[in-house]
Amino acid sequence: MFEIRFHGRGGQGAVTASKILALAAFKEGKYAVSFPFFGTERRGAPVTAFTRIDPDPILLKTQVYTPDAVIVLDSYVMNSADVMNGLDSEGFLIVNTSADPEKISRSFRVATVDATAIAVDHGLGNRTNPIINTAMIGALSKVTGIISRNAALSAVRELSPRKKDENASAADQAYDLVKIGWAE
Amino acid sequence: MTGNEAVAMGVKLANVGFISAYPITPQTTIVEKLAEMVANREIGARYVEVESEHSAMGAVFASELAGVRSYTATSSHGLLYMHEMLHWTAGQRLPVVMSVVNRSIGPPWNIWSEQTDSMNQRDTGWMQVYCESNQEALDTILMGYKIAESKDVMLPLMSMEDAFILSHTSEPVELPSQEEADSFLPRLDLPFRIDTGNPLGYGSYSTPDGPFMELKKDMMESMKNSRQAIKKVTREFADTFGRDYSGLLEEYMMSDADYALIASGTLASTGKYVVKNLREKGLKVGLLRIRFFRPFPDRELIEAVSGLKGVGVLDRSVSFGTAGSMTNEVRAALYGKADIPVAGFIAGLGGRDVRIEDFRKMYSMIADGFSGSTYINARGGE
C-alpha cells in the first residue's frame, strides 16, 4: 500500500488534490481512497488530506501515520505543522517552493517545484491566492511514479471544475520542472 | 465518489418522490447534492426546505402518509431534535428511509464521528443499519426501502455513515443503472394513505382499553418479521447486483477463530484489515460486524460465538452509567447462551482515530480473558 499525506491551508485545494490522485490511480486499475482531515476548517487554516493506493480493495480507514510521500502545498505550513511526522528516510517530501531541495531537508528524498509560479503563469488564481494543487499532482507523478503522467493529466482534467486545459497544462509543466534533490 | 455522494445517488436510483431536510455538518453534502439534482430536474422529487429537523421529519411523515416515497438525512443534534417525530413516523408505520451521518453530541462542540446520536434512537421503532463502505451506503438506500416497504414490516429505516470517515471519503463505487434499480425496487404501494376520496383519521386517540398496547405489540411483531425481510432482500440484492451483505450480521474470518471482536461501521472495516494481518502471524482471530443494530442480531450472534474462547465489543458510543451501547446488548443477548468472557471497549469518541495498535491491544486483551469494560486510547488511565 502506498500512502500519501497532503499539507496545505484551507482553500488551497489539498482535498481536491487527494481526490485527483486517487482518481488517477483508479484509472490505472488500482484501488484508491482519499479523505480529508478537517480541523476547524476555514480558509487559511492548516488542512491535511490523505490518499491510499493499493492493488487490492482498501479496508484500512485510519488516518495515515507513516506516509510514503508527503506533499506540502504551502511551505509556510512547515512552520506550524510537523509535516515530516512518520516519514522515513526513503520517503518522498515534495514542497511547493522556489527554493532548491537541499534548502528544505537532507533527511528525505526531497523535491521542490515552484507551483505558485506555474499556477500564476497559467492564470490559475492569482499571486496571493494561486490554485496550485494541480501543478503539485504533476510533480508528484514525476517524483513518485505512483501514477503515470497520462493518468495524472486525465484525472486533473476530469476533476478541475473549470479551466481544465490550464490545469492540465500546469500539471504537465510541473512534471518537467520539478527539481529532484537526490541522486536517482 | 464520497459516501455522501453515494447516498445521494442511492436516493436518486430509489425514485424518491419527496425530500425534506435541514442541513447540518457532516450530512450537508447529501442534501446539497439532492437539492442540485432536484433543481436540474435529474430527479423527479419535490424538495421542501424547512426550519428544523423536527419539521423535516414532520414533512416527510405527511408525504409518506400520502403514499409518496420520502427521504431525509441528518446528523447529531439534528437527529436528537427529530427524536419525537421518529416515534411518530415508526408508530404510524411509515416506511421512510433516512440517512444519519454519525457525529458526536456536544458539549463541547465537535463535528467528528461517533455513534451516540443514532444509538440514542434505538427505542424509536426504526430499523438501524451501520455501513462500512460507500458502496454499502448507496446499496443500503435501495435495500432499505425494499425492506421497510415489505408488507409484513412497514417500519422506517435509518442508514448510518461514520462522519468524514465515510461521508467525506472518496472511493470507487459501482453505480447500478436506473433500469436495474427499478427492477429491484418497485414503486411504493402504500396499503393505507391519506385520500380525499376516502377521508379517514390517522394517529388519533386511544384509551388504555383501546388498541394502544396491541398496536405496540404489533410493531414488535413487525420488527421480528423484518429479520426475514432483511435476509430475503439482501439475498435478492446479491442475486441482482452481485454484492452480498450477509443479512444482519457479517462474519469475517470466523470459521476457525478462537477470539473475535464485534464492531460496526468503518471500525469493522479497519478491524478486518487488522484481522488479516494477525492471521498472517498465525493468530486465530475473526471479526463480527453488526450491520443491523435494530432488529438486534441476537440469534446470529449466539450462533457465531459458539466455539469461541472470548469476544470483545467495540463501541464508538457510550451509555453513561453502564457501558458502550452495543456492549450492553451483546452481553444481554449472550447471557445464559454462551459461556465466554465479553470485553467492552469504548473508543473513538468525538472522532478520535482508532488506530491499528488500538485494535491489536483489544485483540490481546480478549485473548487474555478480559471481561470488563474499558476505554481504548483515552488519557488519564482506564
Cβ-Cβ cut-off under 10 Å around A:Val110, Lys and Arg +1, Asp and Glu -1: the net charge is +2
Distance in Å, no decimals, from the C-alpha centre of the range A:121-168 to the one of the range B:137-198 is 38 Å
Per the helix-only model, chain A has a calculated mean residue ellipticity at 222 nm (DSSP H runs of ≥4, -39500 (n - 2.57) each, divided over all residues, rounded to the nearest 500) of -10500 deg cm²/dmol
By the Cα gyration tensor axes a ≥ b ≥ c (a/c under 1.5 gives rounded; else a/b larger than b/c gives prolate, otherwise oblate), the shape of chain A is rounded
Computed for the range B:3-241: size of charge dipole around the Cα centre, +1 on C-beta of each Lys and Arg, -1 on C-beta of each Asp and Glu, debye to nearest 20, value 540 debye
Heads up, the range B:303-365 by the C-alpha gyration tensor (a ≥ b ≥ c square roots of eigenvalues; a/c under 1.5 rounded, else a/b over b/c prolate, else oblate) looks oblate
For the pair B:Val50 and B:Arg379, the simple spin-label estimate (label points 7 Å beyond Cα toward Cβ) gives in nm 4.0 nm
The exposure ranking of B:Glu53, A:Glu158, B:Glu42, B:Glu136, fewest beta-carbon neighbours within 10 Å first, is B:Glu42, A:Glu158, B:Glu136, B:Glu53
In terms of the charge dipole of chain B, which places +1 on Lys and Arg and -1 on Asp and Glu at the beta carbon, the residue among B:Ala39, B:Met1, B:Gly282 farthest towards the positive end is B:Gly282
Residue span B:Arg299 to B:Trp88: 0.36 nm per residue of separation minus Cα-Cα distance leaves a gain in nm of 73.1 nm
Hits for chain A under the membrane-span-like helix rule (DSSP H, Cα axial span at least 18 Å, Kyte-Doolittle mean at least 1.0) are A:14-27
Rounded to a whole number, the mean other protein chain Cβ count within 10 angstrom for residues of B:325-336 is 0
Checking the range B:27-91 for trypsin sites (Lys or Arg not before Pro) in a loop per DSSP with at most 16 other beta-carbon atoms within 10 Å yields B:Arg41
Excluding residues fewer than 8 positions from B:Lys337 in its own chain, the aspartates and glutamates with Cα under 18 Å of it are B:Asp258, B:Asp298, B:Glu300, B:Glu303, B:Glu329
Percent of all alpha-carbon pairs of the protein assembly as shown at distances over 45 Å, whole number, is 19 percent
With the 8 Å Cα cutoff and a minimum separation of six or more residues, chain B has a relative contact order in percent of 15 percent
Stretched fully, the stretch from B:Thr196 through B:Lys231 gains (0.36 nm per residue minus C-alpha distance, one decimal, in nm) 8.9 nm
Measuring from the longest principal axis of the C-alpha atoms of chain B, the long axis of helix B:53-65 (C-alpha) lies at a number of degrees, nearest 10, equal to 60 degrees
Shape call for chain B, from the Cα gyration tensor axes a ≥ b ≥ c (a/c under 1.5 means rounded, otherwise prolate when a/b beats b/c, else oblate), comes out prolate
If one compares the long axis through the Cα atoms of helix B:3-13 with the longest principal axis of the Cα atoms of chain B, the angle in degrees, nearest 10, works out at 40 degrees
Rounded to the nearest 10 degrees, the helix B:76-91 long axis (Cα) sits at an angle to the longest Cα principal axis of chain B of 60 degrees
Summing +1 per Lys or Arg and -1 per Asp or Glu among the other residues with Cβ less than 11 Å from B:Lys33's Cβ gives -3
Place a point 7 Å from the Cα of B:Arg243 in the direction of its beta carbon; the residues of the range A:1-39 whose amide N falls under 17 Å from it are A:31-34
Within 10 Å of the Cβ of an average residue in B:268-275, the count of other chain Cβ atoms is 3
In deg cm²/dmol, rounded to the nearest 500, the helical mean residue ellipticity at 222 nm of chain B, built from -39500 (n - 2.57) for every DSSP H run of length 4 or more, is -12500 deg cm²/dmol
Relative contact order of chain A (C-alpha contacts under 8 Å, at least 6 apart) in percent is 22 percent
Expressed in nanometres to one decimal, the distance between label points 7 Å along Cα→Cβ at B:Glu251 and B:Leu175 is 3.7 nm
Cα-based Rg and Dmax for the range A:82-178, in Å, come out at 13.3, 38
Taking every other residue with Cβ under 12 Å from the Cβ of A:Leu73 and scoring Lys and Arg +1, Asp and Glu -1, one gets +1
Rounded to the nearest 5, the percent of antiparallel DSSP beta bridges in chain B equals 15 percent
Of the range A:4-27, those with amide N under 19 Å from the point 7 Å along the Cα→Cβ vector of A:Ser148 are A:20-27
Contact order relative to length for the range B:18-177, counting C-alpha pairs under 8 Å separated by 6 or more residues, stands in percent at 23 percent
Any residue on another chain or 5+ positions along whose placed amide H is under 5 Å from the amide H of A:Leu93 is listed here as A:Val70, A:Arg109, A:Val110, A:Ala111
Links exceeding 22 Å between C-alpha atoms in this model, out of A:Lys30/B:Lys33; A:Lys61/B:Lys272; A:Lys27/A:Lys142; B:Lys281/B:Lys309, come to A:Lys30/B:Lys33
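Throughout, read-outs are computed from the coordinates displayed, never taken from laboratory work. What you see is a predicted model; the values in this text were computed from it and never measured. Ideal geometry is used to build each Cβ from the backbone, glycine not excepted, and the neighbour counts take in all protein chains shown.
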